[in-house]
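A.B. asks: This structure is in structure tokens; I'll ask about it shortly.
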Amino acid sequence: MQVIDTLSELRLARKGLSGTIGLVPTMGALHAGHYALMEQARGENDQVIATIFINPLQFAPTEDLSTYPRDLPNDLKLLESAGVDLVFTPTPAIMYPADFQTAVEVSRIAQGLEGGQRPGHFRGVTTVVSKLFNLTQPDRAYFGQKDAQQVAVIRRMVYDLNFPLEVVVCPTVRAEDGLALSSRNAYLTSEQRQAAPVLYRAMRSAGDAYDQGERDPNRLRAILEAIVEAEPLADLEYASITNAQTLAELQQPTDQAMLLSMAVRIGRARLIDNLLLPLSLNDRSGLSIALANPEYQ
Ligand code: PAF
């Protein structure tokens, strides 16, 4: 596995790679969720490139850029064991040289949910991801369902800007108690960690109600809110029921696929999670249909 941190080395190494390329962009502090992305990329491409870059552009000044977990030695071990061919680990100065002046911004689909709570976040994501696409020229790029809006925003950008690649979305990897794996789970104390599965519990309860015929988004939203509000350590930021493809907030009952999304603060950790309804859509093949806007094909 080659580990590279300059643009010139990356360009040279990329020229030496032949066949199809799978790209897995990450911010490091890698866990089993990232490993699953690498594995899928490994199975579907001749070469796999991973990037580790904590992108300052996607953090607001009040957020956790300076404390975001970092563990490069461990990350490299995981990437090696996943069979990654090339790892790019640039510094902020390499990605954003002095007087950097360009941004890539997706509008409507980036505005609600995470975009509503974190103004500028997706502008940072799409700017760095488009740079990584240009630098690595992948055939496929892999992202996790846990950041479902990020997937939708990146898909919109890929379609709108004609990036010649496929965006692949992989199912959320969860701990046994349902907590979605996330680098930010490291912020939880042991007591907070015990409270954290409340997001999954709430979404599963809404899912059970859906299975029993409930299609009213207001009643499903109320289930999410009631369960999180009953957990003393949890502070609900939002609970949302949207159309799975457009991410438009739903007010009327519908049989179309829905996306339940939540952001909850527990101590220092801001946890996000989501689930598609019907629940059968949360596997690899369901996801690729439910989260893909047919207009982009
Ligand atoms: O999902 C992430 O880890 C980041 O948003 C990404 C896609 C690597 C861009 O910095």
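A.B. asks: Per residue, how many Å² of accessible area does region 21-96 show with a 1.4 Å probe?
C.D. replies: Counting only protein heavy atoms, the per-residue value for region 21-96 is 40 Å².
A.B. asks: Sticking with this one: Any chance you could get the radius of gyration and Dmax over the Cα atoms of region 1-99, in Å?
C.D. replies: Computed over the Cα atoms of region 1-99, radius of gyration and Dmax are 13.9, 43 Å.
A.B. asks: Take the chain, compute every pairwise Cα distance, and split them into 10 Å bins from 0; I just need the percent in each bin.
C.D. replies: It works out to 6, 28, 36, 23, 7, 1, in whole percents.
A.B. asks: Within 10 Å, count the other beta carbons around each residue, average over each peptide in 179-185, 47-53, and list them highest first. Intermediate results must be reported in sequence, preceding the final value.
C.D. replies: Numbers: 179-185: 20.0, 47-53: 25.4.
Highest-to-lowest ranking by the protection proxy: 47-53, 179-185.
A.B. asks: Take the alpha carbon atoms of region 56-90, find their center, do the same for region 217-236, and report the distance between the two centers in whole angstrom.
C.D. replies: After rounding, the separation between the Cα centres reads 32 Å.
A.B. asks: Place a +1 charge on the Cβ of each Lys and Arg in region 143-288 and a -1 charge on the Cβ of each Asp and Glu, then give the dipole magnitude about the Cα centre in debye, rounded to the nearest 20.
C.D. replies: Computed about the Cα centre, the dipole is about 360 debye.
A.B. asks: Between residue 107 and residue 243, what is the FRET efficiency for a Förster distance of 22 Å, r being their Cβ-Cβ separation, to the nearest 0.05?
C.D. replies: 0.80
A.B. asks: Which order, highest average first, do 29-39, 168-178 follow once you tally other Cβ atoms within 10 Å for each residue and take the mean per peptide?
C.D. replies: Working: 29-39: 20.3, 168-178: 17.3.
Highest-to-lowest ranking by the protection proxy: 29-39, 168-178.
A.B. asks: Counting only Cα, what are the radius of gyration and maximum Cα-Cα distance Dmax of region 201-297, in Å?
C.D. replies: Over region 201-297's Cα set, Rg and Dmax evaluate to 13.5, 45 Å.
A.B. asks: Quick one: if you stick a label point 7 Å off each Cα along the C-beta vector at residue 8 and residue 189, how many nm between them?
C.D. replies: 5.1
A.B. asks: What is the local net charge at residue 41, summed over the other residues whose Cβ is closer than 14 Å to its Cβ (Lys, Arg +1; Asp, Glu -1)?
C.D. replies: -3
A.B. asks: While we're here: At a 10 angstrom cut-off on C-beta neighbours, averaged per residue, how do the peptides 96-104, 81-89 rank from highest to lowest?
C.D. replies: The densest-packed peptide leads the list: 81-89, 96-104.
A.B. asks: Among 95, 84, 69, whose Cα sits farthest toward the positive end of the charge dipole of region 60-133 (+1 at Cβ of Lys/Arg, -1 at Cβ of Asp/Glu, about the Cα centre)?
C.D. replies: Working it through, the farthest residue towards the positive pole turns out to be 95.
A.B. asks: Next question, about the same structure. Would you work out the relative contact order for the chain, in percent, from Cα pairs under 8 angstrom that are 6 or more residues apart? List each step's numbers first, then the result.
C.D. replies: Numbers: 521 pairs, mean separation 49.1, N = 297.
Reported relative contact order: 17 percent.
A.B. asks: How charged is the neighbourhood of residue 166? Take every other residue with its Cβ under 12 Å from the Cβ of residue 166, and add Lys/Arg as +1 and Asp/Glu as -1.
C.D. replies: 0
A.B. asks: If I stretch the segment between residue 214 and residue 159 completely, what's the gain in nm (0.36 nm per residue apart, minus their alpha carbon distance), one decimal?
C.D. replies: Contour length minus Cα-Cα distance gives 16.4 nm.
A.B. asks: Determine the share of the chain's accessible area contributed by carbon and sulfur atoms, expressed in whole percent, with a 1.4 angstrom probe.
C.D. replies: Percent of accessible area from carbon and sulfur atoms in the chain: 49.
A.B. asks: Next question. For region 1-122, what is the relative contact order in percent, using Cα pairs closer than 8 Å and at least 6 residues apart in sequence?
C.D. replies: 34 percent.
A.B. asks: Also: Given the whole protein assembly as supplied and a 1.4 Å probe, what does the accessible area of residue 211 come to in Å², nearest 10?
C.D. replies: 100
The values are calculated or read from the model by the stated rules, or taken from the named source; none is laboratory data. Everything quoted here is computed from the prediction, not taken from an experiment. Here Cβ is always computed from backbone atoms with ideal geometry, including for glycine, and neighbour counts include all displayed protein chains. For accessibility, only protein heavy atoms count, side chains too; no ligands or nucleic acids. Shrake-Rupley method; radii C 1.70, N 1.55, O 1.52, S 1.80 Å.
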